[in-house]
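Here, each number is a calculation from the coordinates, and none is a lab measurement. Not measured: the values here are computed from a predicted model. Note: ideal-geometry Cβ built from the backbone for every residue, glycine included; neighbour counts use all protein chains shown.
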Amino acid sequence: MEHLMWSHLWRIYLGKLQEIKSVVEVYIPCGDSHSAVVIRNKLMVYGGDCGDRYHGDVDMFNKDNSIWSRLTVQGSLPNVGAGHVVVSIGTKVFIIGGTKDKHYYNNVWVLDVNISICGRCGEDEHPIKELLVYNLEHNILMF
């Protein structure tokens, strides 16, 4: 089984690719179709697909010390799946939609990474199959 996919992190400059050496303190499974967002000095990665299973963990990379860790969340996270869209406003991360086994989710969750609490904050009547999300002056725009 492959793991530690996140042990390679890259910083991209125009014309130059530089590897960031990082320390992994938690088991981080390989995967794709995860969602990621930057909050202050941290990169948050949520969910994803590892071929035979889906993940619902929240992993954080601290830019200051190059350490990966797992966020212990109080409350409930969205259904385990992949293809979620995430956008942040301050320390709040909005997790929108996603899919699992060809089922599309139509809900919106909010995770406050500062206090590690997550809860559902909305649902649309139609499953979300394609979505563009923007943070524009502390407003979330969805198309």
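Distant-in-sequence amide contacts of LEU77, defined by a placed amide H-H separation under 5 Å and a gap of 5 or more residues or a different chain, comprise nothing. As a proxy for reagent exposure, MET44, MET60 were ordered by neighbouring Cβ count within 10 angstrom, fewest first; the result is MET60, MET44.
Backbone geometry of segment 55-70 corresponds, through the Karplus equation with coefficients 6.51, -1.76 and 1.60 at θ = phi - 60°, to 3J(HN,Hα) couplings of 10, x, 8, 10, 10, 10, 10, 8, 5, 5, 10, 6, 10, 8, 8, 9 Hz, x marking Gly and Pro.
Close amide-amide hydrogen proximity is noted between ASN106 and ILE128, each under 5 Å apart and 5 or more residues distant or on a separate chain (H modeled in the peptide plane; Pro and chain starts excluded). Under 5 Å between amide hydrogens, built in the peptide plane, is the criterion, and for ILE39 it picks out MET44 among residues at least 5 positions away or on other chains.
Determine the sum of side-chain charges near VAL110: Lys and Arg each +1, Asp and Glu each -1, restricted to other residues whose C-beta is under 10 angstrom from that of VAL110. Once all neighbours under 10 Å are counted, the net charge is +1. Per-residue Karplus couplings for segment 86-95, computed as 6.51 cos²θ - 1.76 cosθ + 1.60 with θ equal to phi - 60°, are listed in order as 10, 8, 10, 10, x, 9, 9, 10, 9, 10 Hz, Gly and Pro entered as x.
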